[in-house]
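Asks: What follows is a single structure, and I will ask about it in a moment.
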There are 2 protein chains.
Amino acid sequence: MTAPPRIGVVGAGQLARMMLGPAIELDLPLTVLASDPAESAAVVAGRVRTGRHDEESAVRALATEVDVLTFDHEHVPTAFLERLVTTGDVQVRPGPGALVHAQDKLVMRRRLTELGHPCPRWWHVRGIEDLDRALAENDGPLVVKTPRGGYDGHGVRIIERAEDAADWLEHHGELLAEQKVPFLRELSAQVARRPGGQSITYPVVQSVQRDGVCYEVVAPAPDLDPDAQQRIQQLAAAIAEDLDVVGMLAVELFETAGREVLVNELAMRPHNTGHWSMDGAVTGQFEQHLRAVADLPLGGTDMLAPCAVMVNLLGGSAPELASGARAAMQADPGVKVHLYGKSVRPGRKLGHVTVVGKDPEQLLARAHRAEKRIIDGPDAMEENP
Amino acid sequence: MTAPPRIGVVGAGQLARMMLGPAIELDLPLTVLASDPAESAAVVAGRVRTGRHDEESAVRALATEVDVLTFDHEHVPTAFLERLVTTGDVQVRPGPGALVHAQDKLVMRRRLTELGHPCPRWWHVRGIEDLDRALAENDGPLVVKTPRGGYDGHGVRIIERAEDAADWLEHHGELLAEQKVPFLRELSAQVARRPGGQSITYPVVQSVQRDGVCYEVVAPAPDLDPDAQQRIQQLAAAIAEDLDVVGMLAVELFETAGREVLVNELAMRPHNTGHWSMDGAVTGQFEQHLRAVADLPLGGTDMLAPCAVMVNLLGGSAPELASGARAAMQADPGVKVHLYGKSVRPGRKLGHVTVVGKDPEQLLARAHRAEKRIIDGPDAMEENP
């Protein structure tokens, strides 16, 4: 095999955007499929095709001009992908048989449970009586999720009475209900896997959500003993193997008071909890995803510093980020700023900052100072020191 | 100031190409001016304008659509740039008054000497009798250089008799002659400088040339004592200040047996001797150049490991690099591969590898093993272990 594979990315959000730099350095030709030419990756990519991820003709048109198809998100209907796979003209990575576990939370729970991987207690809810039973069996409120289409807190509701999910049940026909896990903290484990099965794990990280959106990540997770870290990495690698994932897999986990972990969500792509690796690991997750889906040998995941911290830039009071980014760079030359080129809306993911060093608390303080300056404008820190 | 400045890069070689990733992350809109759409940066950039660097209309057309003009190389006629500066419509960084010192080696030698910065002994040669005099005054062979247009060993000749440069003298009218410095090794100092004068230096590196082309770099330069390092950094910063450089400046130096340094060449752009910083420093030189020319606060230059090594990929016996790159990645997951998307010709700069860690000798061995696999093909190491 000589020529490097041409890669098509379905979707043109910030994840596709952050693949562009590594694709350039590895000389992997990359085309993004954007539903709108103003999308985050589309405004900067060298090769852009316009079309929607949920229009089969658009996905097929992209597939005809690349060797490998991969994804910015998990919302491409697997039926399209299954038909593409049967043509044999393009490699779909991750394949539809893996991807369905990141698309459909019921399929994911059923499969992980069959495989013996640790999950919160869960119920497949097909009617109001199932919800009543689940509430009776569970000690406390339930987390109810739409099986498909949820992200960043959308499609998730906490209920104490069955009626509180009756509208969703009517609309979706079935739901996933889970015990609300009284977790100590959330962890996340990233693993990359190639078609032949080679895989490599990243250090397990600690993540903090805000309003259902990833907000802050510390790598490695503080005070996680080496045995636990290894067990979690093995769990993530086992899930990647069991589900035949190709590319990056993020396993989001709850750590309980008993120091056990339970799988919360799966994402089969670079994930927000892995952004730290762009600046904090030998191989960032975007390069790693490309290497995996291109079936290139995987890169090392050693950290470049004892600790790395990532804080998301979620839309705040500043109408644009350039002024605040300038102030943040001025205040701290060690902070790395990543902007996604998106217009500001409150709470929207607009970018992230990372900083590497030794002490997690100090790094978090630096990252949050930069965050505040960027999302609330250059005067934010003077007003709210 | 709110919107980030739009940046135009004259030239579309690998230096422009390596600016693309950082420009995306910083959300700085970047357009490259390519004489051919197949050039290294043109094939991957989102915004490309076609036109030659030595056609004033092409440079002006780029200037009309950007806020800041910068360069992939130093061969743009300064007369064009001076006329652009007088319009006031675009910032030219570095400006023509600085850039001329990287274009014209006679102007550079004269200016550095006036400023008292250490240079090899040199002569301005306007006729054969000047060469005879220089040869008589100098103890040993002379290095003769065409004042303009040289790069990577082109435009440099070592002579022992005046007749050996007679053809050049006739063609160019004047030449620069320099003593051939009996150096211990070559060093290089990178410094970034903003329009207002803020500057920051990188650790001084050791470089090895092969056939006049940068081949191998070790950062920081081994066995360079802290005082010498600081003196050299101060020298580089002083040159940047004295010449009013904006952007990255590389000062290539000879280190003599007496541990003195003499300035060899200047480059006012990201330079091959600074490529290690992409993977080995908090802020890589391509991001730093963009920050400087966009007048953003400069980034930290701390190293991410005690040592970083860079080895160039110069065209070898393999007709393409993808197979060898795959083998190199397989053999060493810690090596970072950067490919420029250029067709293979013997000796041509096609990419580079970097590796970071502790021991320079071990890192060099790893980098050269990767280099051999990539430029001579995957079987190279088995044949020549």
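Asks: Mind listing whichever residues of region A:336-347 are more than 10 Å from chain B (Cβ to nearest Cβ) and under 19 Å from A:Trp276 (Cα atoms)? First the steps, then the outcome.
Replies: Looking only at region A:336-347, we keep the residues that are more than 10 Å from chain B (Cβ to nearest Cβ), and these are A:343-347.
Passing the criteria: none in range.
Asks: Tell me whether region B:371-379 contains one or more residues that are over 23 Å from B:Asp279 (Cα atoms), part of a loop (DSSP other than H, G, I, E, B), more than 10 Å from chain A (Cβ to nearest Cβ) and open to solvent by 40 Å² or more (accessible area, probe 1.4 Å).
Replies: Yes: one or more hits.
Asks: Have a look at A:Gly351, A:Gly377, A:Gly341, A:Gly347 and point out the one that is under 25 Å from the mean Cα position of the chain (by Cα) and at pLDDT below 95.
Replies: Numbers: A:Gly351 fails: at pLDDT below 95; A:Gly377 fails: under 25 Å from the mean Cα position of the chain (by Cα); A:Gly341 fails: at pLDDT below 95.
Residue meeting the stated conditions: A:Gly347.
Asks: Would you say B:Met19 is closer than 26 Å to A:Arg6 by Cβ and either hydrophobic (A, V, I, L, M, F, W, C) or at pLDDT 95 or above (or both)?
Replies: On the way: closer than 26 Å to A:Arg6 by Cβ: yes; either hydrophobic (A, V, I, L, M, F, W, C) or at pLDDT 95 or above (or both): yes.
Yes, satisfied.
Asks: While we're here: Out of all the residues in region B:145-197, which are among the β-branched types (Val, Ile, Thr) and within 14 Å of B:His124 (Cβ to Cβ)? Before the answer, list the steps.
Replies: Of the residues in region B:145-197, the ones among the β-branched types (Val, Ile, Thr) are B:146, B:156, B:158-159, B:181, B:191.
Hit for region B:145-197 is B:Thr146, nothing else.
Asks: Say whether the condition of being β-branched (Val, Ile, Thr), open to solvent by less than 60 Å² (accessible area, probe 1.4 Å) and more than 10 Å from every other protein chain (Cβ to nearest Cβ) is met by at least one residue in region B:352-367.
Replies: Of the residues in region B:352-367, the ones β-branched (Val, Ile, Thr) are B:353-356.
If we keep only those that are open to solvent by less than 60 Å² (accessible area, probe 1.4 Å) too, we end up with B:353-356.
If we keep only those that are more than 10 Å from every other protein chain (Cβ to nearest Cβ) too, we end up with B:353-354.
Within region B:352-367, one or more residues are β-branched (Val, Ile, Thr), open to solvent by less than 60 Å² (accessible area, probe 1.4 Å) and more than 10 Å from every other protein chain (Cβ to nearest Cβ).
For (1) touching a residue at least 40 places away in the same chain (Cβ under 8 Å); (2) hydrophobic (A, V, I, L, M, F, W, C), each residue gets a yes or a no:
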residue: A:Gly274; (1), (2): yes, no
residue: A:Gln288; (1), (2): yes, no
residue: A:Asp302; (1), (2): no, no
residue: A:Val309; (1), (2): yes, yes
residue: A:Gly324; (1), (2): yes, no
residue: A:Ala328; (1), (2): yes, yes
residue: A:Asp332; (1), (2): no, no
residue: A:Val335; (1), (2): no, yes
residue: A:His338; (1), (2): yes, no
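Asks: List the strands (runs of 3 or more DSSP E) inside region A:155-200, counting only whole elements, that have at least 2 residues being modelled with pLDDT under 95, touching a Phe, Trp or Tyr at 6+ places or on another chain (Cβ under 7 Å) and open to solvent by 20 Å² or more (accessible area, probe 1.4 Å). Working first, answer last.
Replies: Working: elements: A:156-159, A:175-179, A:183-193.
Of the strands (runs of 3 or more DSSP E) lying wholly inside region A:155-200, none has at least 2 residues that are modelled with pLDDT under 95, touching a Phe, Trp or Tyr at 6+ places or on another chain (Cβ under 7 Å) and open to solvent by 20 Å² or more (accessible area, probe 1.4 Å).
Asks: Starting from region A:60-83, take each residue that is within 18 Å of A:Met248 (Cα to Cα) and list its partners that are of a type in the set (S, T, N, Q), counting only C-beta distances under 6 angstrom and pairs at least six apart or across chains.
Replies: These pairs meet every condition: A:Val68/A:Gln91; A:Glu74/A:Gln103.
Asks: Next question. Which ones in region A:297-317 are in contact with a Cys (Cβ under 8 Å, 6 or more places away or on another chain) and not polar (S, T, N, Q)? Spell out the reasoning first.
Replies: Here is the first cut: in region A:297-317, the ones in contact with a Cys (Cβ under 8 Å, 6 or more places away or on another chain) are A:312.
Selection gives nothing.
Here's the yes/no breakdown for (1) closer than 30 Å to B:Leu321 by Cβ; (2) of a type in the set (Val, Ile, Thr):
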position	(1), (2)
A:Thr283	yes, yes
A:Pro297	yes, no
A:Thr301	yes, yes
A:Ser323	no, no
A:His338	yes, no
A:Pro346	no, no
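Asks: Residue by residue through region B:130-154, note down the ones that are in a helix (DSSP H, G or I), farther than 12 Å from B:Glu174 by Cα and open to solvent by 20 Å² or more (accessible area, probe 1.4 Å). Write out each step before concluding.
Replies: Of the residues in region B:130-154, the ones in a helix (DSSP H, G or I) are B:130-137.
Adding the requirement that they be farther than 12 Å from B:Glu174 by Cα leaves B:132-137.
Scanning region B:130-154 gives B:Asp132, B:Arg133, B:Leu135, B:Ala136, B:Glu137.
Asks: Residue under question is B:Gly8, and the condition is that it be farther than 19 Å from B:His352 by Cβ, modelled with pLDDT of 95 or more and within 12 Å of chain A (Cβ to nearest Cβ); does it hold? Give the steps one after another, and end with the answer.
Replies: Details: farther than 19 Å from B:His352 by Cβ: yes; modelled with pLDDT of 95 or more: yes; within 12 Å of chain A (Cβ to nearest Cβ): no.
It is false that B:Gly8 is farther than 19 Å from B:His352 by Cβ, modelled with pLDDT of 95 or more and within 12 Å of chain A (Cβ to nearest Cβ).
Asks: Restricting to region B:255-278, count the residues that are among the hydroxyl-bearing types (Ser, Thr, Tyr) and more than 17 Å from the chain's Cα centre (by Cα). Show your work before the answer.
Replies: In the first step, residues of region B:255-278 are kept if they are among the hydroxyl-bearing types (Ser, Thr, Tyr); the result is B:256, B:273, B:277.
Going one step further and asking which of them are more than 17 Å from the chain's Cα centre (by Cα), we end up with B:256.
Looking only at that region, the number is 1.
Asks: I'm checking my understanding of the structure. Among residues of region A:218-236 that are assigned to a helix (DSSP H, G or I) and in contact (Cβ under 8 Å) with a residue 40 or more places away in the chain, which one is nearest to A:Pro118 (Cα to Cα)? Break it down stepwise before answering.
Replies: Step one: filter region A:218-236 for residues assigned to a helix (DSSP H, G or I), giving A:226-236.
Still in the list and also in contact (Cβ under 8 Å) with a residue 40 or more places away in the chain: A:232-233, A:235-236.
Values: A:Ile232: 11, A:Gln233: 14, A:Leu235: 9, A:Ala236: 11 Å.
Checking each candidate, the answer is A:Leu235.
Asks: Another question, then. Condition (residue is more than 16 Å from the chain's Cα centre (by Cα) and among the small types (Gly, Ala, Ser)) applied to region A:241-254: is it met by at least one residue? Before the answer, list the steps.
Replies: First, the residues of region A:241-254 that are more than 16 Å from the chain's Cα centre (by Cα): A:241-244.
Among the residues that remain, those that are also among the small types (Gly, Ala, Ser) are: none.
Scanning region A:241-254 turns up no residue that is more than 16 Å from the chain's Cα centre (by Cα) and among the small types (Gly, Ala, Ser).
Asks: Could you list all residues from region A:201-216 that are surrounded by 17 or more Cβ atoms within 10 Å (Cβ to Cβ) and hydrophobic (A, V, I, L, M, F, W, C)?
Replies: A:Val204, A:Val205, A:Cys214
The values are calculated or read from the model by the stated rules, or taken from the named source; none is laboratory data. Quantities reported herein were computed from a predicted structural model and do not represent experimental measurements. Positions of Cβ are generated from backbone atoms using ideal geometry, with glycine treated the same way; all protein chains shown enter the neighbour counts. SASA here: full protein model, heavy atoms, side chains in, ligands and nucleic acids out. Shrake-Rupley method; radii C 1.70, N 1.55, O 1.52, S 1.80 Å.
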